[in-house]
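K.L.:
Have a look at this one.
What follows draws every value from the coordinates through simple rules; no lab data is involved. For clarity, every value in this text was computed on a predicted model and none was experimentally measured. Cβ coordinates were reconstructed from backbone atoms using ideal geometry, including for glycine residues, and neighbour counts include every protein chain displayed.
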Amino acid sequence: MRVLVVDDSSTMRRIIINTLVKLGHQDFAEAANGLEGLERAAEGVFDLIITDWNMPGMSGLEFIRTLRAQPSERRIPVLMVTTNAAKDDIVEALRAGVDNYVIKPFTPDTIREKIDAVTGRAA
Ligand SMILES: [Mg+2]
């Protein structure tokens, strides 16, 4: 499974990727904001996108809105990992096309459960 990890914090990208490695994933690309995320998504095939919300340049919300507005896009599962914990924020993200939501800080178990849910592997 190829995963695109989008976060403006290189430390957070490292934490997410380290978590994914522990969960058995091996194939990653990284982007530091929504614009870079769109570039990566246009370059290659991904099975999952994990994106932050708050990023300079283009936010995760705009990234996913733009991605979902592209008519040719396969519907890549999207997990948003963010500090935005308000219920209104979660609703807004889901409306923008995010499939599931993880609030930082997270545990590896939470990431695993949410990945299973958005990729259709949940029991
Ligand atoms: Mg951020």
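K.L.:
If I build a Gaussian network model for the chain, linking alpha-carbon pairs within less than 10 angstrom, which residue out of Asp27, Asp88, Asp52 has the largest mean-square fluctuation?
P.N.:
Looking only at Asp27, Asp88, Asp52, the biggest GNM fluctuation is shown by Asp88.
K.L.:
With unit charges on the beta carbon (Lys/Arg positive, Asp/Glu negative), name the residue among Ile111, Ala86, Val3 whose Cα is farthest towards the positive pole of the charge dipole of the chain.
P.N.:
It is Ile111.
K.L.:
Taking R0 as 22 Å, what FRET efficiency do you get between Arg121 and Leu35 from their Cβ-Cβ distance, rounded to the nearest 0.05?
P.N.:
0.15
K.L.:
Per residue of the chain, what 222 nm ellipticity follows from adding -39500 (n - 2.57) for every DSSP H run with n ≥ 4, rounded to the nearest 500?
P.N.:
That calculation yields -13000 deg cm²/dmol at 222 nm.
K.L.:
Share of antiparallel DSSP beta bridges in the chain, in percent to the nearest 5?
P.N.:
The antiparallel proportion sits near 0 percent.
K.L.:
Pull out a ≥ b ≥ c, the square roots of the eigenvalues of the alpha-carbon gyration tensor of segment 26-74, then state rounded if a/c is under 1.5, prolate if not and a/b is larger than b/c, and oblate in the remaining case.
P.N.:
Details: a/c = 1.81, a/b = 1.12, b/c = 1.61.
Oblate.
K.L.:
For Thr51, enumerate residues with amide H under 5 Å from its amide H, sequence gap 5+ or separate chain, H modeled in the peptide plane.
P.N.:
Those lying under 5 Å, H to H, from Thr51 are Val6, Leu79, Met80, Val81.
K.L.:
Is the chain rounded, prolate or oblate when judged by the Cα gyration tensor, a ≥ b ≥ c being the square roots of its eigenvalues, rounded requiring a/c under 1.5 and prolate requiring a/b larger than b/c?
P.N.:
Because its axes are fairly even, with a/c under 1.5, the chain counts as rounded.
K.L.:
Now for a different question. Which whole-Hz couplings ³J(HN,Hα) result when phi for each residue of segment 94-105 is put into the Karplus expression 6.51 cos²θ - 1.76 cosθ + 1.60, θ = phi - 60°, listed in order with x for Gly and Pro?
P.N.:
Calculated HN-Hα couplings, in order: 5, 5, 6, x, 6, 8, 7, 9, 10, 9, 6, x Hz.
K.L.:
With the chain treated as a Gaussian network of Cα nodes joined by springs under 10 Å, which of Thr66, Thr82, Thr110 yields the largest mean-square fluctuation?
P.N.:
Thr110
K.L.:
Amide H to amide H under 5 Å from Leu23: which residues, 5+ apart in sequence or cross-chain, H placed 1.01 Å off N in plane?
P.N.:
Answer set, sorted by chain and number: none.
K.L.:
So, with +1 on the Cβ of K and R and -1 on the Cβ of D and E, and no other charges, what is the size of the charge dipole of the chain about its Cα centre, to the nearest 20 debye?
P.N.:
So the dipole magnitude of the chain works out to roughly 280 debye.
K.L.:
Shifting gears a bit: Using θ = phi - 60° and the Karplus relation 6.51 cos²θ - 1.76 cosθ + 1.60, list the HN-Hα couplings for segment 55-71 in order, rounded to whole Hz, with x at every Gly or Pro.
P.N.:
Using θ = phi - 60°, the values come out as 8, x, x, 9, 6, x, 5, 5, 4, 6, 4, 5, 4, 6, 7, 6, x Hz.
K.L.:
Oh, and also: Compare Asp99, Asp109, Asp47 in a GNM of the chain, Cα atoms joined below 10 Å, and give the one with the largest fluctuation.
P.N.:
Among Asp99, Asp109, Asp47, the largest GNM mean-square fluctuation belongs to Asp109.
K.L.:
Given H placed on each backbone N at 1.01 Å, which residues far from Phe28 in sequence or on other chains put an amide H within less than 5 Å of it?
P.N.:
Counting only residues 5 or more places away or on other chains, the set is Val3.
K.L.:
Among the trypsin sites (Lys or Arg not before Pro) in segment 18-123, which ones are in a DSSP loop with at most 12 other Cβ atoms within 10 Å of the Cβ? Mind listing them? All intermediate terms of the calculation are to be shown ahead of the outcome.
P.N.:
Values: sites: Lys22, Arg40, Arg65, Arg68, Arg74, Arg75, Lys87, Arg95, Arg112, Lys114, Arg121; in loops: Arg74, Arg75, Arg121.
In loop regions of segment 18-123 (DSSP not H, G, I, E or B), the sparsely surrounded trypsin sites (Lys or Arg not before Pro) are Arg74, Arg75, Arg121.
K.L.:
Set the Förster radius R0 to 25 Å, insert the Cβ-Cβ distance between Ser9 and Arg74 as r into 1/(1 + (r/R0)^6), and round the FRET efficiency to 0.05.
P.N.:
0.35
K.L.:
Tabulate in residue order the Karplus-calculated ³J(HN,Hα) for segment 106-117, using 6.51 cos²θ - 1.76 cosθ + 1.60 with θ = phi - 60°, rounded to whole Hz; enter x for Gly and Pro.
P.N.:
10, 9, x, 4, 5, 4, 4, 4, 6, 4, 4, 5
K.L.:
So if each residue of separation counts as 0.36 nm, and I subtract the Cα-Cα distance between Lys22 and Asn54, what length gain in nm does that give?
P.N.:
Result: 9.0 nm gained on full extension.
K.L.:
Just how far, in whole angstrom, is segment 60-79 from segment 7-51 if you go by their alpha carbon centroids?
P.N.:
15 Å
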